[in-house]
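Here is the structure we will look at.
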Amino acid sequence: MVRKKQKDYLDVVWDQSTLGSMISSLRQCDGISQTQLAEKIGVSKQFLNSVEKNRKRVGIKFAQKVADALQYPVEPFLELLIKDQIAREGIKVDVSITAAAG
């Protein structure tokens, strides 16, 4: 049986086009404020707000911290991070990341 959080997570992940929008949606789905998440990952609320609105560029370590803080797998965060970076460069390529077994 799929837990509600896991089902909501899958719905949110499939509907997102940017890392910022996914972070915002998952955070809201879990009932966590920007302030609470910002404190968990060691950034200011203003910085997190800028990330969620796709005004700040972030890296892999940031994506990992957010995934860990929200207790979700990191792969969708990394996939959207890479897609965001590719789109900024104007490259047209499809990216898909899956977790390795084991």
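Only one residue in 2, 12 is among the hydrophobic types (A, V, I, L, M, F, W, C), modelled with pLDDT under 90 and part of a helix (DSSP H, G or I), so which one is that? Explain how you work it out, then say what you get.
Values: 2 fails: part of a helix (DSSP H, G or I).
12 is the lone residue from the list that is among the hydrophobic types (A, V, I, L, M, F, W, C), modelled with pLDDT under 90 and part of a helix (DSSP H, G or I).
If residue 32 passes every condition in (1) surrounded by fewer than 17 Cβ atoms within 10 Å (Cβ to Cβ); (2) among the β-branched types (Val, Ile, Thr); (3) closer than 11 Å to residue 20 by Cα but one, which one does it miss?
The single condition residue 32 does not satisfy is (3).
For segment 63-102, which positions are surrounded by fewer than 17 Cβ atoms within 10 Å (Cβ to Cβ) and small (Gly, Ala, Ser)?
Hits for segment 63-102 are 87, 90, 96, 99, 100, 101, 102.
Between a residue in segment 72-95 that is of a type in the set (Asp, Glu) and any residue that is part of a helix (DSSP H, G or I) and surrounded by 13 or more Cβ atoms within 10 Å (Cβ to Cβ), which pairs come within a Cβ distance under 6 Å, given they are 6 or more apart or on different chains?
84/19
I need the full set of residues from segment 46-62 which are exposed (fewer than 12 other Cβ atoms within 10 Å of the Cβ) and under 12 Å from the mean Cα position of the chain (by Cα), in order please.
59, 61 - these are the residues of segment 46-62 that are exposed (fewer than 12 other Cβ atoms within 10 Å of the Cβ) and under 12 Å from the mean Cα position of the chain (by Cα).
Would you mention how many residues in segment 26-60 are under 27 Å from residue 88 (Cβ atoms) and part of a loop (DSSP other than H, G, I, E, B)?
10
The values are calculated or read from the model by the stated rules, or taken from the named source; none is laboratory data. Only a predicted model underlies this, so the values are computations on that prediction, with no experimental measurement involved. Every residue, glycine as well, gets a Cβ built from its backbone with ideal geometry; the counts of neighbours run over all protein chains shown.
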